[in-house]
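Notes follow the structure.
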Amino acid sequence: MRHGAALSLLVLAHVVPTVAMAADEAPPIATAAPELDEVYVWGKREGRIGQATSASDGVVRFSAYAIRPILRPGELAEVVPGLAATQHSGSGKANQFFLRGFNLDHGTDFSVSLDGVPLNLRTHAHGQGYLDINGIVPELVETISYRKGPYFAEAGDFSAAGTAGFRTFQTLPRSFIEVSGGEHNYGRVVAGANAGNGLVALDLTTADGPWVREENLKKATALARFGVGDWSVTALAYGASWDATDQIPQRAVDAGQTSRFGVIDPTDGGRTRRFILSGRYRPDDNTDIVLYAQRYTLNLWSNFTYFLDDPINGDQFEQAERRWILGGSATRTWAAPDSPWSFALGAETRFDSIDPIGLYRTRARQRLSTDRQDGVGEFSGALYGQAAWASGPWRATLGVRADAVYAEIDSDNLLNSGQESEAIVSPKLSLAYRVSDNVELYADAGRGFHSNDVRGSVQRVSPVSLDPVDTVPIFAAADGAEVGARFEGGGVTASVALWALRLESELVYVGDAGDTESTEGTERLGVEALFTWTPAPGINLDVSGAATRARYRGDPPGGDRIPNALEYVITAGATAKLTEDTTAQVTVRRLGPAPLIEDDSARSESSTIVNLALSHRLGPVTITGDVLNLLDSKDNDITYFYTSRLPGEPAAGVDDIHFHPVEPRQFRVSLRYNF
């Protein structure tokens, strides 16, 4: 593994600064303080005609004094039309994401970066591509850019469904301190202050939630950024601990054994830490170099089946890992004067040293036995390039990306140790035709991928049963296509996209079992629409909808439905400046039903959440009140169907719905002072 780390640094040191501005970037903007009487929109979608390469990409810019009622930081990702972020466990665990007919679990096909640093974690103890964005401080986010589908050369691993880039302020429009409080012992203090050509910020949060077993969430994020010439250096530290409130069986609620907010195993929970040190070099708009180092730890205790496997001690298990990440990227574009052509090249490299990464049987968080424990070194490199052409109303982009991975696995079972390498080439094509100043048409096609847990590429026996198993590829390719249109004018922005995506297989490492499972290939067809309107100064309306048909290919004997593939997602928001100093915002999210098993005999129900925020400014002080789940919905945040066993039930267990409820209506108040 030491050789892999050295190779990673050597490659990075010799990379020629290369390709188009990364997906997480919008052009640099001034950071001077805005005129306060013009600030009323929480997130404004930028005009994209003449810049976008698909109908489903976009950039959302955030006001420094904006309001939006959110329960968790992960809900910031819901500015991506058609994306939903839910939670089935404690607030310190990564969100469950849904997009384009995927139950993305905790991020398998949706990649996110923070200031150019990738956040998805591969070969993770809990789930491949694990994406924990709870450490992001919403008040520090300047823009979120997003793209969907595998059509973009700069988008690599985990981006088959989409990718999003969070960019934080280089310097804040105003320094601030904010104190918040609410029901269920919710408390938060967040502060940010400019320091020369940079900033420092601190975010502290505690909460118990509405649960019978108090969540005891304790979360802290600290961020410092400093600019030196063309370089900016950023340090981020994040940590959280919590007692989990995992999904519970419907039969236990029906029988009165527990309430909707109860828990079966009160010792579930977790703790996590993440430290990121990054440097970014941007001498001009055409060059972007990012170097980063990360340290990450996780201990996660879960019990989903209760007493099915072990009637004496219960089925609780611990997933734990310790990892270092070293990596970087370099991009560069060239555009000749008076030429319709521009060219871009780019490179990425990353090395993950994960040791140990393990799955353990536990009781009340005490380890009883080890299912498996490994040391993993995973090195990857990528080169990509694209040529863009523009003439009159036409624009075209042709790109290609090549990715390679080399992995070393040192397992506690020699049969599951070894080395493996693999490569994949992904071509991309985008066309745009500008019908008028207000209308543009798009067509896109390309190949993308997600990587699988590299332990599955050398595994020969099941860690627990020792039964023989087949190895699986490291890469699962995804081929997609999309056509769409965009309109901008008269205070209206509207877009529509029709898309299709086919995965050759959905091969995932199941951290809960310490094993790799393979599914058949899948195909998804969908339509998305976005409509925003500013009918008058101070009023902004935003509505998006997405519908998807998701199926396994072929004729699987157990059925062709993909579990937890939402059939539709609808989100809407309205922001109104009621007076010169008073602003209100309401948001609505409706998640459609989904099959829970392949034969569609069990299904989840739709759910609707409405949130409200009201903000009033008194000079440098802003008072904001949030009403979360305004209509006090009794819907579920997420639903599963599987076998579990409660005490006294048959040894084979009971097939049942397991759900995590939406949190009930709750009130929060915050007081912010700008200076």
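Remarks
- Looking at 458, 425, 472, 435, just one residue is closer than 28 Å to residue 360 by Cα and at pLDDT 95 or above, and that residue is 458.
- For region 643-655, the count of residues that are surrounded by 21 or more Cβ atoms within 10 Å (Cβ to Cβ), out of contact with any helix residue (DSSP H, G or I) (no Cβ under 9 Å at 6 or more places or on another chain) and among the hydrophobic types (A, V, I, L, M, F, W, C) is zero.
- From the list 232, 241, the one residue that fits, being more than 18 Å from residue 95 (Cβ to Cβ), assigned to a strand (DSSP E or B) and touching a strand residue (DSSP E or B) at 6+ places or on another chain (Cβ under 7 Å), is 232.
- So residue 610, is it without any contact (Cβ under 8 Å) to a residue 24 or more places away in the chain, assigned to a strand (DSSP E or B) and out of contact with any helix residue (DSSP H, G or I) (no Cβ under 8 Å at 6 or more places or on another chain): no
- Of the residues making up region 107-162, those that are under 30 Å from residue 370 (Cα atoms) and among the polar types (S, T, N, Q) are 108, 120, 123, 128, 134.
- Qualifying residue in region 533-545 (condition: under 22 Å from the mean Cα position of the chain (by Cα), within 30 Å of residue 459 (Cα to Cα) and either among the β-branched types (Val, Ile, Thr) or part of a strand (DSSP E or B) (or both)): no
A quick yes/no check of all residues on (1) at pLDDT 95 or above; (2) of a type in the set (Lys, Arg); (3) crowded, with 20+ Cβ neighbours inside 10 Å:
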position: 129; (1), (2), (3): no, no, yes
position: 144; (1), (2), (3): no, no, yes
position: 150; (1), (2), (3): yes, no, yes
position: 153; (1), (2), (3): yes, no, yes
position: 159; (1), (2), (3): no, no, yes
position: 162; (1), (2), (3): no, no, yes
position: 181; (1), (2), (3): yes, no, no
position: 189; (1), (2), (3): yes, no, no
position: 192; (1), (2), (3): yes, no, yes
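- Residue check, residue 152 under 25 Å from residue 52 (Cβ atoms), assigned to a loop (DSSP other than H, G, I, E, B) and more than 14 Å from the chain's Cα centre (by Cα): yes
- Residues in region 231-270 that are of a type in the set (D, E, K, R) and either crowded, with 22+ Cβ neighbours inside 10 Å or in contact with a Gly (Cβ under 6 Å, 6 or more places away or on another chain) (or both): 243, 268.
To keep it simple, each residue is scored yes or no on (1) outside any strand (DSSP E or B); (2) under 28 Å from the mean Cα position of the chain (by Cα).
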residue: 463; (1), (2): yes, no
residue: 473; (1), (2): yes, yes
residue: 493; (1), (2): no, yes
residue: 499; (1), (2): no, yes
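- Pairs where the first residue, in region 358-369, is in contact (Cβ under 8 Å) with a residue 12 or more places away in the chain and more than 14 Å from residue 311 (Cα to Cα) and the second is of a type in the set (Val, Ile, Thr) and not in a strand (DSSP E or B), C-beta under 6 Å, 6+ apart: 364/267; 365/267
- Hey, residue 394 closer than 29 Å to residue 282 by Cβ, surrounded by fewer than 22 Cβ atoms within 10 Å (Cβ to Cβ) and at pLDDT 95 or above or not: no
- Within region 603-622, restricting attention to residues that are of a type in the set (A, V, I, L, M) and within 32 Å of the chain's Cα centre (by Cα), the residue that is farthest from residue 573 (Cα to Cα) is 614.
- Number of the exception - residue 226 against (1) under 27 Å from residue 72 (Cβ atoms); (2) assigned to a strand (DSSP E or B): (1)
The values are calculated or read from the model by the stated rules, or taken from the named source; none is laboratory data. Predicted model only: the values in this text are computed from it and were never measured. Positions of Cβ are backbone-derived with ideal geometry, glycine not excepted, and every protein chain shown enters the neighbour counts.
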